[in-house]
Amino acid sequence: MLVEATDKETRFKGLPLSPGVAVASVCLFNEKRHMSLPVKDITAQEVRSEGDRFRKALATVRERLTLLYKEVEERVGKAEAEIFTAQKMILEDPALIERVTDHIRSKNFSAEKAVISSLDFFEDQLAKMDHDYLKERASDIGEVKRRLLDALANLSPSFQCQNDFFCQRGKNRIVIAEELTPSLTMELNTDYIKGFVTDKGGVASHAAILARSLRIPAVSGIPGIHDRIFCGTQVLVDGDTGEVIIWPSPKTLAQYPQIERPKDAEVKAVPPIPGLRVYANLNVAKRVQEAVDQNAEGIGLYRTEFEFLIAKKQLSEDEQYERYTQVLKAMKGKPVYFRMLDLGGDKGADFLEFPKEQNPALGFRGSRFLLGHPEVFRTQARALARVSRHGRIHVMYPMVVDLSQYRLLREKFAAETSDLPQGEIRHGLMFEVPSACLDAEDILKEADFGSLGTNDLIQYLFAVDRDNELVSSDHHPDRKAFWTLVRHVAQAARRHRKPLSVCGELASNPVYARKLIALGIRTLSVSPRAITGLRIAIKNKPEAVREKAIRILAVRKKSKSTKKKG
Ligand code: PEP
Ligand code: MG
């Protein structure tokens, strides 16, 4: 909604997604690039035309790189232009061309699939080398892949900057996009992004969760912002109020003395506190150190699907095994809850050819997806079983709807891994679909543990889309029905003496955290950067913990005295 417009400064009011304030030039993200690429198998009749498409893309990229070289050499210098020579050499490498054409010809891959599989292969090879220069070349291969895919899709570069050289690909910029999808968020180098502004997206969307966990200010719900802005426009994003100010005046800027995003180092970790276990939510293995640095007492939710979304492909058993082992080892014996792939919904993946669905949030996702893709399930189950040889693991099934589905998942896991030597594996589920919560008594009789996924639970309980900014204000837990359901699951867990945690976003809010503690839930799993704040808040105001302890003591005393009397 446009709230005020002046000659110089224009203000928009949107939905605050992630707190903090940032000022920077903007990068307009080209959404078209994220349309599904035809990464697929082709028929024998199509081999020839796919080969032609690849050769045409090669020529386009070659021409583009030559132009870029000339332009940058003239405007900046020869040394800076050399990067494009390096990319051209990669592009013209006979081994690379041969591999792509061979994949089209003998494996019947589409040009896109052949480019991705071949260039990923070379990139992986270089990335593994113990040589800094060669490692750097691996990122050039990634860049060449991007250029080829753009050429195959007839797209201009992903950022609509004046030209590639000046394009920062979001670095030190505020990224403006129509929607912050999980794959877009994972694709960008978020270490350097200053902020996000989007047309669409709800507070509980995965992208908003990621932005908050990375401490990147973000605002959504500003339709048409693309049309008001050019690449390079200066913008202020206020993730606390939802304000977005285009060309902020010096007077406005003076009202925001604190505009830097807090550095990791400023988040000083505190030790665990009595009465509450705080675990970390983790999206990718390579960030596990953040959890360790924050003294996380475990990993309460490892969203393994993000490993796939970043890699943009199905990971092999070995690739999964490597990542999962890295996490388990880094946590040194502390519990790790590996959530099996929760793909589908807003986490669709081109490489898995999802069906086009009218209503993906209610469709082929989570455990339904896992059961419908036996190969994907088998590969992940086997990787996890192998990981368990290094220490006890927790396997958590996503979006389970009832006991019979849980049983099916567990039986399949056992069947797919029965021939493998394995260590201790506990099986449990996410309580995030209301029907499973209502069935908690029966389910927790059998399952080893449960974890409340309140992001989806709120979505499905109140029929409120977590990704839709228009109904975001309705996606909240301040309703009796929600707490009745949470209490029901907590009681079932207590009765069956099964561990229960909460890994949804609300666990990091001290007000709700206290309510959960008061219901007897003693394990909360939050983003690593929220751990310290949560511990401090609970430690400084532990009423709920204390009240609960007093109540338990009173009940114990009462039961002792009744026993004596008896
Ligand atoms: C949830 O739904 O609360 C949850 C933790 O899982 P995700 O946010 O990944 O859907
Ligand atoms: Mg969920």
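Of the whole protein surface, Ser501 contributes about 0 Å² of accessible area at a 1.4 Å probe radius. Heavy-atom accessible area, probed at 1.4 angstrom with all protein chains present, ranks His476, His206 as His476, His206, highest first. The length gained on full extension between Ile536 and Ala59, counted as 0.36 nm times the residue separation minus their Cα-Cα distance, comes to 165.9 nm. A protection proxy built from the mean count of other Cβ atoms within 10 Å ranks the segments 509-518, 273-282, most packed first, as 273-282, 509-518. The residues of the stretch 44-153 have, on average, 54 Å² of accessible surface per residue, using a 1.4 Å probe with all protein chains present.
Surface composition of the stretch 299-402: carbon plus sulfur atoms hold 48% of the accessible area, using a 1.4 angstrom probe and ignoring ligands, DNA and RNA. Under a 5 Å amide H cut-off, with hydrogens placed 1.01 Å from N, Lys40 pairs with Ser110, Lys113 among residues at least 5 apart or on other chains. Note on the stretch 325-401: with charges restricted to the Cβ of Lys and Arg (+1) and Asp and Glu (-1), its dipole about the Cα centre is near 640 debye.
Share of carbon and sulfur in the accessible area of the stretch 412-539 stands at 52%, probe radius 1.4 Å. For the peptides 322-332, 353-363, the ranking by mean Cβ contacts within 10 Å, running from highest to lowest, is 322-332, 353-363. Excluding ligands, DNA and RNA, the accessible surface per residue across the stretch 271-565 is 44 Å² with a 1.4 Å probe. Calculate what fraction, in whole %, of the accessible area of the stretch 44-153 sits on carbon and sulfur atoms when a 1.4 Å probe is rolled over the protein chains. Within the stretch 44-153, the accessible surface is 53 percent carbon and sulfur.
Length gained on full extension, Leu438 to Asn172: 91.1 nm, using 0.36 nm per residue less the C-alpha separation. Computed over protein heavy atoms with a 1.4 angstrom probe, the accessible surface ordering of Glu9, Glu305, largest first, is Glu9, Glu305. Each of Leu470, Tyr324, Ile273 was placed along the dipole of the stretch 271-565 (beta-carbon charges, centred on the mean Cα), and the one lying farthest toward the positive end is Ile273. Largest accessible area first, the residues Trp247, Trp483 order themselves as Trp247, Trp483 under a 1.4 Å probe with ligands, DNA and RNA left out. For the stretch 498-509, 3J(HN,Hα) computed residue by residue from phi via the Karplus equation (6.51, -1.76, 1.60; θ = phi - 60°) reads 10, x, 10, 10, 10, 10, x, 4, 5, 4, 8, 8 Hz, glycine and proline entered as x.
Accessible surface of Val39, taken over heavy atoms with a 1.4 Å probe and every protein chain present, rounds to 30 Å².
The values are calculated or read from the model by the stated rules, or taken from the named source; none is laboratory data. Remember, it's a predicted structure, so these values are computed and weren't measured experimentally. Methodologically, a virtual Cβ is constructed for each residue, glycine included, from the backbone with ideal geometry; neighbour enumeration extends over all protein chains shown. In case anyone asks, the SASA skips ligands and DNA or RNA and just uses the protein heavy atoms, side chains included. Shrake-Rupley method; radii C 1.70, N 1.55, O 1.52, S 1.80 Å.
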